[in-house]
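J.: Pasting a structure here, questions to come.
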Amino acid sequence: MIIVSAFITIAYLLLIGAFIFGLERIALFNLENLASKTNFSIVIPFRNEAENLPGLLASIERLNYPKNQFETLFIDDASEDNSAEIIKQSLSKSNINFKIVKNERSTASPKKDAIETAIKQAKHDWIITTDADCILPEYWLNSFDKFIQKNDACFIAGPVAYNEKHSFLNRFQILDLLSLQGATIGGFGLKKPFLCNGANLAYKKELFLKLNGFEGNSNIASGDDIFFLEKVVKTHPEQLHYLKCKQAIVETPAQPNWNLLFEQRKRWAAKTSNYNNGFGKFTGLVVLLMNALVLLGLCLSFFAVLNPKFWIYIFAAKFCIDFGLIYKSAIFFNQKSALKSFVFAFLVYPFFSVFVALTSLVSGYQWKGRTFKK
């Protein structure tokens with residue numbers, strides 16, 4: 001038991017330490033005063049988003065980018081509220097070039113169908129995706145445009161952060177996302193990208209068509225971002241980039257209650273068994289084993305099966321390395337205020353993550369008013 005525990009702990013420390021190193025290797029990208037050259041097709045699937053759309057639409061109108069150099073495609077995924085009407089009323093009075101398109105369903109994944117539906121109608125060379133509950137920064141498109149002009153890129157992952165609110169649940173999710181974003185940036189810095197977020201993602205239309213889009217994983221409801229990333233990793237590894245730019249951070253709301261948070265994380269966990277990226281699978285396994293080890297060590301120490309000092313050493317090592325990664329991410333995302341809940345969140349997280357992992361193996365999940373089977 002001690003040897004196995006030590007092996008898992010060392011593997012975890014080396015892995016998270018590598019992410020911290022990789023995160024630091026990605027240089028902060030600063031905007032330069034260059035003429036805008038890139039034309040974008042913004043793709044936004046939506047389903048029953050009447051509550052969230054006003055914030056998104058207002059942020060689209062505030063985009064400080066030539067209006068003739070981007071279009072916005074809203075894909076209606078069988079909404080049952082007045083989402084489409086809200087979009088029409090808001091943007092019809094503006095000079096934003098937009099279109100509302102009905103989703104063409106053909107697979108088990110509504111979101112992947114929505115993105116493919118939009119790309120069929122997209123006019124521009126670069127596709128940039130986000131979600132209907134997001135808030136876009138003013139210089140969002142500028143950031144991607146300047147990065148494209150400076151780099152040989154065909155796929156660019158952008159930063160995503162949760163909106164801050166004054167509750168432990170909110171800070172818990174912020175800390176969780178900071179760790180995920182830290183691992184995402186770190187993976188790119190190590191030249192082993194395995195994570196990205198469809199709320200802030202850009203790629204060339206011709207690349208999507210060349211790689212046959214989501215073909216091969218359309219039976220999986222989620223994962224439009226990561227499964228496409230896996231294809232690009234295999235075919236265009238040198239043209240994959242992470243845009244580490246503060247002006248490109250897209251904000252999205254955290255889940256309002258624990259039940260919805262569990263459903264969201266179950267959805268995220270459900271796709272991991274289908275990952276083809278060996279490094280991604282290794283990372284997921286090591287993180288899961290480490291969290292399970294913390295819980296098991298606590299139980300064994302309580303019943304005097306394991307020396308409590310050994311468990312304390314493991315606990316302290318995990319605490320320090322986790323804090324290091326999250327702190328580095330918090331600096332970039334300007335969310336250090338969430339660190340005041342780090343200790344309690346650290347105690348809760350092993351229970352949370354192991355529970356999500358186990359339940360995702362045996363049950364489906366709820367998403368956008370639909371039920372998806374495992």
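J.: Work out from phi, with θ = phi - 60° and the Karplus expression 6.51 cos²θ - 1.76 cosθ + 1.60, the ³J(HN,Hα) of each residue of segment 113-127, listed in order in whole Hz, and give x for Gly and Pro.
T.: Calculated HN-Hα couplings, in order: 4, 4, 5, 5, 4, 5, 5, 4, 9, 5, 8, 9, 6, 10, 9 Hz.
J.: 7 Å from Cα along Cα→Cβ at both residue 104 and residue 331: what's the point-to-point distance in nm?
T.: Taking the two extended label points, one gets 4.8 nm.
J.: A further question follows. Pop out the Kirkwood hydrodynamic radius of segment 249-331 from its pairwise C-alpha distances, inverse of mean 1/r, in Å to one decimal.
T.: The answer is 15.6 Å.
J.: Next question. Residues with beta-carbon under 15 Å from that of residue 164, excluding residue 164: net charge, scoring Lys, Arg +1 and Asp, Glu -1?
T.: Local net charge: +2.
J.: Within segment 91-192, report the trypsin sites (Lys or Arg not before Pro) that DSSP leaves as loop and that have at most 16 other Cβ atoms within 10 Å.
T.: Filter output for segment 91-192: 93, 105, 123, 165, 191.
J.: Here is a further query. Only Cα pairs within less than 10 Å get springs; with that Gaussian network setup on the chain, which residue of 114, 122, 317 has the largest fluctuation?
T.: Top of the fluctuation ranking is 317.
J.: Now for a separate question. First check a/c for segment 61-110, with a ≥ b ≥ c the square roots of the eigenvalues of its C-alpha gyration tensor; if it is under 1.5, answer rounded, and if not, answer prolate when a/b is larger than b/c or oblate otherwise.
T.: Oblate, because a/c is 1.5 or more while a/b does not exceed b/c.
J.: Under 19 Å from the 7 Å Cα→Cβ point of residue 354, by amide nitrogen: which residues of segment 11-49?
T.: Under 19 Å, as judged by backbone N against the label point of residue 354, lie 11-13 of segment 11-49.
J.: Something else: Using the Karplus equation 6.51 cos²θ - 1.76 cosθ + 1.60 (θ = phi - 60°), what ³J(HN,Hα) coupling, rounded to whole Hz, does each residue of segment 51-58 give in order, writing x for Gly and Pro?
T.: Per-residue couplings from phi come out as 6, 8, 4, x, x, 4, 5, 4 Hz.
J.: From the backbone phi of segment 175-191, what are the Karplus-calculated ³J(HN,Hα) couplings (6.51 cos²θ - 1.76 cosθ + 1.60, θ = phi - 60°) in whole Hz, Gly and Pro given as x?
T.: 4, 5, 5, 4, 5, 5, 5, x, 5, 4, 4, x, x, 5, x, 8, 6
J.: Report the rotationally averaged projected area of the chain based on its alpha-carbon convex hull, in square nanometres.
T.: Dividing the Cα hull surface by four gives the mean projection, 18.1 nm².
J.: What longest range of the chain stays clear of loop-exposed GluC sites (Glu not before Pro) (DSSP non-H/G/I/E/B, at most 16 other C-beta within 10 angstrom)?
T.: Here the longest run is 216-374.
J.: Something else: Can you flag which of 37/191; 210/271; 102/204; 120/191; 67/120 are past 26 Å Cα-Cα?
T.: From the list (37/191; 210/271; 102/204; 120/191; 67/120), the Cα-Cα distance tops 26 Å for 37/191; 120/191.
J.: Additional query: With each pseudo-label sitting 7 Å past Cα toward Cβ, what's the residue 210-residue 149 distance in nm, one decimal?
T.: 2.4
J.: Take every Cα-Cα distance within segment 1-126, group them into 10 Å bins from 0 onward, and report for each bin the whole-number percent of pairs it holds.
T.: 11, 28, 22, 18, 14, 6, 1
J.: Amide H neighbours of residue 223 under 5 Å, counting only residues 5+ apart in sequence or on other chains, H built in-plane at 1.01 Å?
T.: HN-HN under 5 Å from residue 223: empty list.
J.: Where does the Debye-calculated log10 I(q)/I(0) of segment 200-266 sit at q = 0.15, 0.21, 0.24, 0.25 Å⁻¹, using only Cα point scatterers of equal weight, no solvent?
T.: Debye output, listed in q order: -0.69, -1.02, -1.10, -1.12.
J.: Could you work out the helix-only [θ] at 222 nm for the chain, with each DSSP H run of four or more residues adding -39,500 (n - 2.57) and the total divided by the number of residues, to the nearest 500 deg cm²/dmol?
T.: For the chain, the value works out to -17000 deg cm²/dmol.
J.: Grab the Cα-Cα distance for residue 320 and residue 78, subtract it from 0.36 nm times how many residues apart they are, and report the gain in nm with one decimal.
T.: Working: separation 242, 0.36 × 242 = 87.12 nm, distance 4.62 nm.
Working it through step by step, the gained length comes to 82.5 nm.
Laboratory data are not the source of any read-out in this text; all were calculated from the coordinates shown. Predicted, not measured: the structure shown is a model, and the values here were computed from it. So basically every Cβ, Gly included, is an ideal-geometry build from the backbone, and we count neighbours across all protein chains shown.
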